1. What FRET efficiency do you get for B:Arg33 and B:Phe118 if R0 is 22 Å and r is their Cβ-Cβ distance, rounded to the nearest 0.05?
2. Helix-derived [θ] at 222 nm for chain B: sum -39500 (n - 2.57) over DSSP H runs of at least 4, divide by residue count, nearest 500?
3. Please name whichever of A:Gly59, B:Gly145, B:Val75 sits farthest to the positive end of the charge dipole of the protein assembly as shown, dipole taken about the Cα centre and charges placed at Cβ: Lys and Arg +1, Asp and Glu -1.
4. If you place +1 on the Cβ of every Lys and Arg, -1 on the Cβ of every Asp and Glu, and leave all else neutral, what size is the dipole of the range B:149-236 about its Cα centre, to the nearest 20 Debye?
5. Going down the list B:Lys12/B:Lys216; A:Lys12/B:Lys12; A:Lys12/A:Lys216, which pairs span over 25 Å between their C-alpha atoms?
6. Let me know the volume per residue of the alpha-carbon convex hull for the protein assembly as shown, in Å³.
7. For A:Ala234 paired with B:His196, estimate the spin-label separation in nm (one decimal), with each label point 7 Å from Cα along the Cα-to-Cβ line.
8. Among B:Leu209, B:Tyr222, B:Asn198, flag the residue with its Cα farthest along the positive direction of the charge dipole of the range B:149-236, charges on Cβ as +1 for Lys/Arg and -1 for Asp/Glu.
2 protein chains.
Amino acid sequence: MNAIENSPLARKLMAFVALSAGELAVLERLHQRRRTFAAGRDLVHQGQPEQAAYILSEGWVCSYKIQPDGSRQIVDFQIPGDFLGLRSVLLQASDHSIEPIMQIEAAEVLADDLITAFAETPRLAMAILWAASRDEAMVVEHLVGLGRRDADERMAHFLLELGARLELVGMGSKSGYDCPLTQYHLADALGLSAVHVNRVLRQLREDGLATFRAGKVTFDNYDRLVALAEFDPAYLDQARPFLK
Amino acid sequence: MNAIENSPLARKLMAFVALSAGELAVLERLHQRRRTFAAGRDLVHQGQPEQAAYILSEGWVCSYKIQPDGSRQIVDFQIPGDFLGLRSVLLQASDHSIEPIMQIEAAEVLADDLITAFAETPRLAMAILWAASRDEAMVVEHLVGLGRRDADERMAHFLLELGARLELVGMGSKSGYDCPLTQYHLADALGLSAVHVNRVLRQLREDGLATFRAGKVTFDNYDRLVALAEFDPAYLDQARPFLK
DNA sequence: CGCGCAATTGAGAGCGGTCAAAATTGGTGG
DNA sequence: CCACCAATTTTGACCGCTCTCAATTGCGCG
């Protein structure tokens, strides 16, 4: 039986707080209303008023903004266990779009259900707020990368961050992970051209650091990659369950 | 008498919700514990556990991250009426540093006081969450700029955003505003070198778009500047008090 | 008056962009 | 199983934006 505690979200939250059976039950309740979305069809579109949030249980999505000139900047990717559109539940129109990279499964979460759950289980609320704040820290780190890292470091850092996130939900390790992104996705996320992304990937591969190929990322030399990226996962704050 | 409703924070929040006398009184209570900080002395330092948040009432500060190689990326600036360290009140160690750009005045806000205030006045809580979400949207827009705008557009967009924010608290207009930043601040925020910032500013000045000089920003041609930056202030969400 | 910081300007180099084309891959239907 | 098409990946040539290095100027303050 694949109980709730093996869901990606529960795995992630339990890295932060140990959740009781009761809290897990509340979490499970939030997972009703399962829905499926096709690749490429926007879940949320820039400018729309937003109503519900989602818990992503299968597949990857990306959040992005389109510029007037048509170029796209991906703000971040969400993987299983991540919330979608959490911040905008309470608030105004969405300022960005959300697109599934592949067919995904997500549980719709109504604002009221979330508020009820928070009231019942403060520790669960803490854990979810922790996750939200971690998402924010990732956006900030992304911003820093765009401002202050060159293309190689950016790519290395990106691959490592994604690996660390996936590891937390049991979908990756220090040797690598499955990755459905195209080089265009990488380009739009890293503020590079797709052509240059390709060159950077070749460089990493030829230097024996990492391989991005056929939907798989392989860390050929994890430590040297960390050194290149100056990757310090402190901002991910996933080293310690500190509320036992 | 300079009542609470003329404080920068109240002015800003009232662009979002009309606050009652009672709500304003609660807001005023949060402004006890006034403190002064000198320029250049970090309020919060990267990696420290953080305890309190602040409401900035006078002066400017910047939030930044230092890279291992010593370079600095400024994530955003805070102006009067902004919260400092709000997100990290509930949570772990700060992932960034906060430094006053000049001598500032700020009111320390304890987590408990904030929670009490939220419980008493849900509308005030809504307004503060709106402000927090607006801050996040600004970080995202900043990220987009670093990824997808060239130096001129970036600078133009930055000057316009700051102008719009200052206008909301009564410290700026479409003709310009006082700005205590150095060109090094601009460089660290925009992901450019200080040298290039200088060239970009000269360009804007010579093109008759905007002048940055002697602590003042002057919009010489607001509309053309907006066009260059493709500045769409929708993400600032400050067009409408929609909860009367 | 002189020190230090901020602003300014010039010259040269390089990272990453654009344009263009070819090779590879995966999916689809005959 | 094979042929074909679209999407993705790969590579080369050239260009330009922005960086670095270096020097100079301007300004506020002791």
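Since every read-out is calculated from the coordinates, none of them should be taken as a lab result. This one's a predicted model, so the numbers in the text were calculated from it and none came from an experiment. Every residue, glycine among them, receives a Cβ derived from its backbone with ideal geometry; neighbour counts consider all protein chains shown.
1. 0.80
2. Values: 8 runs with 101 residues, N = 244.
Taken over chain B, the calculation gives -13000 deg cm²/dmol.
3. Highest projection toward the positive end goes to B:Gly145.
4. With only Lys, Arg, Asp and Glu charged at Cβ, the dipole is about 280 debye.
5. Exceeds cut-off: A:Lys12/B:Lys12.
6. It comes to 149 Å³ per residue, whole-number rounded.
7. Distance between the two pseudo-spin positions: 2.8 nm.
8. Of the options given, the answer is B:Asn198.
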